[in-house]
Amino acid sequence: MKSTGAAILAAKCPRCHQGSIFPVSLMSFRKLTQVNDHCPNCNATLEPEPDFYYGAMYISYALSVALVVNIMLILNYGFGDPEIWVYLVTVGVTNVLLLPLMLRYSKVLYLYIAGKLKYDPNA
Ligand SMILES: [Zn+2]
């Protein structure tokens, strides 16, 4: 796990790119967004302070806005501008389906942006 992009996609620790940020898999819906206190591999602090991930809310908001915009563009240009209920249903269903992913990746991105952890190949 060398590149930062791959580490983000796999939700790995920003410092060693090897330890998992989340203790449970995406498919276990309980504790879906629970984060490890420390990286299981290099022991980096993954929750620097209480309520650290509060800011991740903004990222998850930005992600859902981006999602809605993309869906509307795809429906408009790819599916010949269908009726309004098609937009609403598609946006609703996609949001629900992708919510677990967005909740997780908003935290991963936030940790990479605000977590002050530098990649250290020897960690
Ligand atoms: Zn680590």
What is the Å³ per residue value for the convex hull set by the Cα atoms of region 4-114? 109 Å³
Pick from M27, M72, M102: which is most flexible by mean-square fluctuation in a GNM of the chain where alpha carbon atoms under 10 Å apart are linked? M27
Between H38 and residues 5 or more places away or on another chain, the pairs with built amide H atoms under 5 Å apart involve L46
Output ³J(HN,Hα) for region 22-29: one whole-Hz value per residue in order, computed from phi by the Karplus curve 6.51 cos²θ - 1.76 cosθ + 1.60 with θ = phi - 60°, and x for Gly and Pro. 9, x, 10, 6, 4, 7, 8, 6
So which lysines can K2 reach, going by Cα to Cα under 26 Å and dropping same-chain residues fewer than 8 places off? K12, K107, K116, K118
Dimensionless Rg/Rh of region 54-105 - Kirkwood Rh, Rg from C-alpha atoms: 1.04
Determine the dipole magnitude for region 4-114: charges of +1 sit on the beta-carbon of Lys and Arg, -1 on that of Asp and Glu, nothing else is charged, the reference point is the Cα centre, and the result goes in debye to the nearest 20. 340 debye
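No value in this document is a laboratory result; all are computed from the given coordinates. None of the values given here were measured: they were computed from a predicted structure. Positions of Cβ are generated from backbone atoms using ideal geometry, with glycine treated the same way; all protein chains shown enter the neighbour counts.
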